[in-house]
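Before I ask anything, let me first share the structure, which is written out below as structure tokens.
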Amino acid sequence: MLQFLQLIASGVAQGCIYGLIALGFVLIYKATETVNFAQGDLMMVGGFLGLTGTLALGLPFWAAFVAALAVMFFFGMALERAVLRPLLGQPAFTVVMATIGVGFLARGLVTMIPEWGTDTHVLPVPYKDEIVQVGGLVLSMEHLVVIAVTALLILGLYLLFKHTRIGIAMQATSQNQLAAFYMGIPVRRINMLIWGISAAVSACAGLLLAPITFVHANMGFIGLKAFPAAVVGGFGSIPGALVGGLIIGIVETLAGFYLPEGFKDIAAYIVVLVMLAVKPNGLFGENLRKKV
Amino acid sequence: MRFLFKTAYQQDIRLFKHGGQAFWYSALGLALLAAPFVLPDYWVSQLNFIWIYSIVSVGLMILVGFTGQVSIGHAAFLAMGAYTEAYLQGHGWPFALSLTFSALVAGITGVIVGLPALRVKGMYLAIATMAFGFIVEEGIARADSITGGNAGRMLGSLEVFGIPIDSELRMYFLTLIVLALVVLGVMNLLRSPTGRAFVAIRDSEISAQSMGINLARYKTIAFALSAAITGLAGALYAHKLRFLSPDQFTFLQSIELLIILVVGGVGSIYGAIFGAAFWIVVQQLIVLAKDWLPPAIGQQTGLQPTIFGLILVAFVLFEPMGLYGRWLKVRTFFQLFPFYRKGMFRRQKSYMKSERLK
């Protein structure tokens, strides 16, 4: 029983990472109806920025954390301006291919930057290797930090979307771009902001993941597992992304322990196929019908 | 400038629309027949890759370019074809039979994967195919007894109707013949009611449906055909490489296939072949460039993905119709000379169409 709880706890932490990346997808999908295949690579860049902040610039960890988020925020906005905006209104497939191209570019360029390169790096964090015991349950500090920061971030985004003018404008844009445009909402600027926020969120995921795994150029591939998370939660639902991430994280951890070798890596994809067959709109997805 | 004045229905379904086309295609045909005798062996081998990739891209083009269904798991069908061929050949099946069977196995898998396509679409479908791709990749690595697992599987030497395919030259003609048959078949398919239905579904599902097209049926057919052709290419791929391992059929391979389509030009058979040729040539150029670039750049492991990314982004942004579109523009320029206008092929600005509604 204790072992089971232990597994659940590490599954939740892993799920939070998936949830955060999925959250990045969902933010962009809701606002611009683009699926961003470079989300995992944005996460990777975020991880490397944290690395540079702590090691090369000698900033304390939390300062480097915030700095990396800020840099990624502007990076996301610049990306939107340079690549995505010229494609506004183009078919989804075109835009998806553009983001795949950006992912390739990011992965290639990162290996060319000195100090970053193709090696795996360890991100030094102040809470490394600390553990907390809760009634026999051993929780590592790294996992707890992941859970806590995710909760804070979700709360922050919730407040942003519910209670600020800009958040409400974002909601309007995501519901109907044209109508929002008519209402005087600067849709393009909103899209740019959304990309910024989404890049910052995925950088956050990267920085939280870094102490658990390592920082390297291919860590972005974990982003592919966030697709199942987003679909399970219902693409386009913010709480759904988190719940989906948690489900995928827990299922994966349990599958890794109880099922034969090999199932851990594909558990997420089996879950998503089942989900698409049973409930294609996901747990929290909206079911809209087109009226002719 | 040439005006085609049609006086008979027969003219409409001719393979060559006019004498000029017939001339140039015959010239191309002769050049292709002569090429392997003139070129060094290495480049013949690269041409073989181009033909095989062209077959795959034509298969994927049916699905992505003509039916409008995105698949990010096509490497799985390639793997299905390749491993079926390897397995059957290992059991002594003759090539013609095992090739057909490889296409069949891939096609049937395509139907199974296509089933979610009946319920989900757009990005959901893309993710379903991606999930399928990952599961197949893992399955290949685990099914040691059939696929040789991560250690890989060797193929025996190939014999087609008693002729041993033991040189790149013979492989060249084998792949070229299969490609020619596939292209002719697909061209014929596209002007049949089935092909027209595909294009109608791509352009608007709702209008296709109201014209009496059974969406479920035609989407399944598209998936099956696309997968079967990819499987066919997979079988040839297996013989080309003589060695199969799971890391040849990864997610990245599927993405590369999509990049080939975008670079070549989505929505035309020419595009599929242009894209495949471009892809192989660029890879070779990168290898060549590595030797004379300064080592600081040439020895970078990230060089290849960077160049691929740049090419892809540049094509999406500046030449969305791909190489075929570029060719079309150049041709129109000369045909209409001096009346070509700059904006003739400009993309129409359109409002975002929501996929969230069904």
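All but one of (1) away from chain B (no Cβ under 14 Å); (2) touching a Gly at 6+ places or on another chain (Cβ under 9 Å); (3) within 21 Å of A:Ala38 (Cα to Cα) hold for A:Ala70; which doesn't?
Result: A:Ala70 fails condition (2) only.
With respect to B:Thr230, is the statement that it is in contact with a Leu (Cβ under 6 Å, 6 or more places away or on another chain), among the polar types (S, T, N, Q) and in a helix (DSSP H, G or I) true?
yes
Further, regarding this structure: Return the pairs, sorted by first residue and then second, in which the second residue is loosely packed, with under 12 Cβ neighbours inside 10 Å, the first residue lies in the stretch B:13-26 and is in a helix (DSSP H, G or I), the beta carbons are less than 8 Å apart, and the residues are 6+ apart or on different chains.
Here the result reads B:Gly20/B:Arg2, each pair linking the stretch B:13-26 to a residue that is loosely packed, with under 12 Cβ neighbours inside 10 Å.
Turning to a different aspect of this structure: Out of all the residues in the stretch B:158-211, which are in contact with a helix residue (DSSP H, G or I) (Cβ under 7 Å, 6 or more places away or on another chain), charged (D, E, K, R) and not in a helix (DSSP H, G or I)?
The one that is in contact with a helix residue (DSSP H, G or I) (Cβ under 7 Å, 6 or more places away or on another chain), charged (D, E, K, R) and not in a helix (DSSP H, G or I): B:Glu159.
Quick check on this structure: which one of B:Gly65, B:Gly81 is of a type outside the set (A, V, I, L, M), in contact with a Leu (Cβ under 7 Å, 6 or more places away or on another chain), in a helix (DSSP H, G or I) and within 25 Å of B:Val282 (Cα to Cα)?
B:Gly65
Looking only at the stretch B:301-320, how many residues end up being over 23 Å from A:His216 (Cα atoms), more than 7 Å from chain A (Cβ to nearest Cβ) and at pLDDT 85 or above?
4
Please state which one of A:Leu137, A:Leu79, A:Leu109, A:Leu87 is more than 14 Å from every other protein chain (Cβ to nearest Cβ) and either surrounded by 13 or more Cβ atoms within 10 Å (Cβ to Cβ) or in contact (Cβ under 8 Å) with a residue 12 or more places away in the chain (or both).
A:Leu137
Using the structure shown, decide if B:Tyr53 is without any contact (Cβ under 8 Å) to a residue 24 or more places away in the chain, within 21 Å of B:Val262 (Cα to Cα) and assigned to a helix (DSSP H, G or I).
Here the answer is no, as B:Tyr53 does not meet what is asked.
Output the residues belonging to the stretch A:271-286 that are part of a helix (DSSP H, G or I) and more than 7 Å from chain B (Cβ to nearest Cβ).
A:Val271, A:Val274, A:Met275, A:Val278
Within the stretch A:213-230, is even one residue away from chain B (no Cβ under 13 Å) and in a loop (DSSP other than H, G, I, E, B)?
yes
Return the total of residues in the stretch A:4-41 being more than 14 Å from chain B (Cβ to nearest Cβ) and in contact with a Phe, Trp or Tyr (Cβ under 8 Å, 6 or more places away or on another chain).
1
Given the residues B:Ala222, B:Ala200, B:Ala216, which is the only one that is on the phi < 0 side of the Ramachandran plot, in contact (Cβ under 8 Å) with a residue 24 or more places away in the chain and buried (at least 17 other Cβ atoms within 10 Å of the Cβ)?
Answer to the selection: B:Ala222.
Still on this structure, please answer the following. Are any residues in the stretch A:22-37 modelled with pLDDT of 85 or more and closer than 17 Å to A:Ala169 by Cβ, and if so, which ones?
Within the stretch A:22-37, A:Leu27, A:Ile28 meet the criteria.
Inside the stretch A:237-256, can you point out the residues that are among the small types (Gly, Ala, Ser) and either in a helix (DSSP H, G or I) or crowded, with 24+ Cβ neighbours inside 10 Å (or both)?
A:Gly240, A:Ala241, A:Gly244, A:Gly245, A:Gly249, A:Ala255, A:Gly256
Kindly evaluate A:Thr118 against the criterion of being in a loop (DSSP other than H, G, I, E, B) and under 24 Å from A:Phe37 (Cα atoms).
yes
Next question. Being within 14 Å of chain B (Cβ to nearest Cβ), in contact with a Gly (Cβ under 8 Å, 6 or more places away or on another chain) and farther than 30 Å from B:Gly122 by Cβ, is that true of even one residue in the stretch A:117-130?
Yes, the stretch A:117-130 contains at least one residue that is within 14 Å of chain B (Cβ to nearest Cβ), in contact with a Gly (Cβ under 8 Å, 6 or more places away or on another chain) and farther than 30 Å from B:Gly122 by Cβ.
The values are calculated or read from the model by the stated rules, or taken from the named source; none is laboratory data. Quick caveat, the model's predicted, so the values are computed rather than measured. Note that each Cβ is placed from the backbone with ideal geometry, even for glycine, and that neighbours are counted across all protein chains shown.
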